[in-house]
1. Restricting the search to the range 7-30, which residues are among the basic types (Lys, Arg) and at negative phi?
2. Of the numbered conditions (1) modelled with pLDDT under 90; (2) surrounded by 17 or more Cβ atoms within 10 Å (Cβ to Cβ), Arg50 satisfies every one except a single condition; which is it?
3. Condition first: touching a residue at least 12 places away in the same chain (Cβ under 8 Å) and assigned to a helix (DSSP H, G or I). Now tell me which residues in the range 1-27 satisfy that.
4. Any chance the range 59-77 includes a residue that's modelled with pLDDT under 95, exposed (fewer than 13 other Cβ atoms within 10 Å of the Cβ) and of a type in the set (A, V, I, L, M, F, W, C)?
Amino acid sequence: MLHYFNREELYCGTSAEKFDAICAALDEEKVEYTVKIVNSSFGFTGGRTRSTTNLSGGRLFYIYVSKKQIEEAAFMMNRALRQK
């Protein structure tokens, strides 16, 4: 399991297809990763001076990998997304 201080965000997005492709590529190469899926239904985020609205009505997908493997994982992610 990756601990909070030893991981780095590889992907953050709303596309389930991209999320699945990236996870499959990481699984294929046996790279350890963790995921976080946040329900991002209509809502407001931001501070006092800047508000943004998430109109996707879907979910936000996060993929985290070890800081030591971030470059290798980024290469695999880009390769997997180009093949789609």
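1. Result: Arg7, Lys18.
2. Looking at each condition in turn, Arg50 falls short on (2).
3. The answer is Asn6, Ala16, Glu17, Lys18, Phe19, Ala21, Ile22, Cys23, Ala24, Ala25, Leu26.
4. No: the range 59-77 contains no residue that is modelled with pLDDT under 95, exposed (fewer than 13 other Cβ atoms within 10 Å of the Cβ) and of a type in the set (A, V, I, L, M, F, W, C).
The values are calculated or read from the model by the stated rules, or taken from the named source; none is laboratory data. As the structure is a computational prediction, the values presented were derived from the model and not from experiment. Backbone-built Cβ (ideal geometry, glycine too); neighbour counts: all protein chains shown.
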